[in-house]
Structures are given as C-alpha cells and as structure tokens.
Amino acid sequence: MIKRPSKRSVLITLLIVFVAIQMKTTDKTPINIIPASDFLTMEEAPQDVAKLIQSVCYDCHSNQTQYPWYSHVAPVSWWLEGHIKNGKSKVNFSIWDTYTPAQQVRLKNESAELIEKKWMPILTYKITHADARLTEAQRLMLIDWLKE
Ligand code: HEC
C-alpha cells in the first residue's frame, strides 16, 4: 500500500518549491529615461493631468515602473512582468518620439476610449492601487485632454 505523505512533508515540499522558484528573477534594471522623449513632456500635459497619468498608467506603459515589494516575489513577479511587457509592447509613453504622428493620434484616442470604458487601468491593478480607481471627474479630465 502506498503511504500517504504526512502534512508536514507536504508543507516542507511546498516551502522548498517556493524557495526554489525565487531563483528565477525578473529583470528590473532601471532603463535610462530621456525626458524629451516622454509623452507628457512632448504633449505639454498640464500638471494635474501629467501627475494622474503617471500614477495610473506609467507602471505598465513606461520605463518608469514603480515596483511594489510583492513584485519581487515569484510567482507574482512573473505574472506582473507579463502585464508590464504586454502593456509596454502596445504603448510605451517613455518613447513617445518613436511613434509616427498617426500612431500617436491613434494611441491617444484609444487611451481615451479605454479610460471611458473603464478598461484602463486594468482591474487587477485597481485592486492593489486604490489611487488608480478613477473618479468620474478624473476620467473626464483625462479624456478631455487626450481628445484635444
Ligand atoms: C497593470 C498594468 C496596466 C495599467 C496600469 C494600464 N495598462 Fe494599458 N494595457 C495593459 C495591457 C496588459 C495591455 C494590453 C491588453 C491586451 O492586449 O489585451 C494594455 C493596453 C493598452 C492600450 C491598447 C494599445 C493598443 O494598441 O492596443 C492602451 C491605449 C492603453 N493600454 C492605455 C492605458 C492608459 C491610458 C492607462 C492609464 C489610464 C493604462 N493603459 C493603464 C496594462 C496596463
């Protein structure tokens, strides 16, 4: 008969697995920021708009991600890294000068639309970042400016 593993050996195994997966870290090396290439600088965003976009969009759509402590703990780190990579591949506000004028217009319109539909910032981000749950007034302010 096969002996069922004891609770203790299951816990020890889980602990070993948890420690082992920490070896696979994600790359958080800071990326050089060129202020002149930044979306908010290039588009001359007013200060209140700039502050808000920085706090609710820049973690996933710029080279200025602010990493919370749990972003260093696998497997959460892998999951967040996926969001950031995916987000930046769609739009990276730190390299705004690399988009053509047509792309810039499209990205601004899309941003306005996604904010209006409450799809951006994404739901899981709002759960952990209370200040990213935009009020109606904040949403309107961003949409008005993006559509200008
Ligand atoms: C927690 C990470 C996160 C935050 C915060 C976030 N986004 Fe995103 N964003 C993503 C991801 C991931 C995608 C890709 C979604 C997909 O492909 O389904 C995306 C896609 C987009 C796109 C679509 C681009 C395209 O061409 O398809 C736009 C525009 C965008 N985000 C704007 C914003 C704006 C504006 C904010 C702030 C109000 C914001 N995002 C906040 C993760 C984020």
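Do we find that residue 140 is of a type in the set (A, V, I, L, M) and surrounded by 14 or more Cβ atoms within 10 Å (Cβ to Cβ) in this structure? No. Note on region 90-118: residues that are exposed (fewer than 14 other Cβ atoms within 10 Å of the Cβ) and more than 8 Å from the ligand (Cβ to nearest atom) total 10. Could you tell me how many of the residues in region 38-53 are under 19 Å from the mean Cα position of the chain (by Cα) and in contact (Cβ under 8 Å) with a residue 24 or more places away in the chain? The qualifying residues number 6. Show the residue pairs that are 6+ apart or on different chains and have beta-carbon atoms under 6 Å apart, the first residue being within region 19-32 and under 16 Å from residue 67 (Cα atoms), the second being part of a helix (DSSP H, G or I). Every condition considered, the pairs that remain are 26/77; 26/81. Evaluation of residue 47 against the conditions (1) within 24 Å of residue 86 (Cα to Cα); (2) of a type outside the set (A, V, I, L, M); (3) surrounded by fewer than 17 Cβ atoms within 10 Å (Cβ to Cβ) shows that the sole unmet condition is (1). Selection over region 94-133 of residues that are touching a residue at least 24 places away in the same chain (Cβ under 8 Å), within 12 Å of residue 56 (Cβ to Cβ) and touching a helix residue (DSSP H, G or I) at 6+ places or on another chain (Cβ under 7 Å) gives a count of 7. Within region 38-51, the presence of a residue that is modelled with pLDDT under 95, more than 16 Å from the ligand (Cβ to nearest atom) and out of contact with any Pro (no Cβ under 8 Å at 6 or more places or on another chain) is excluded. Residues in region 1-48 that are part of a helix (DSSP H, G or I), of a type in the set (A, V, I, L, M) and more than 17 Å from residue 94 (Cβ to Cβ): 10, 11, 12, 14, 15, 16, 17, 19, 20, 21.
The values are calculated or read from the model by the stated rules, or taken from the named source; none is laboratory data. On a predicted model such as this, the values are computed, not experimentally measured, just so you know. Cβ coordinates were reconstructed from backbone atoms using ideal geometry, including for glycine residues, and neighbour counts include every protein chain displayed.
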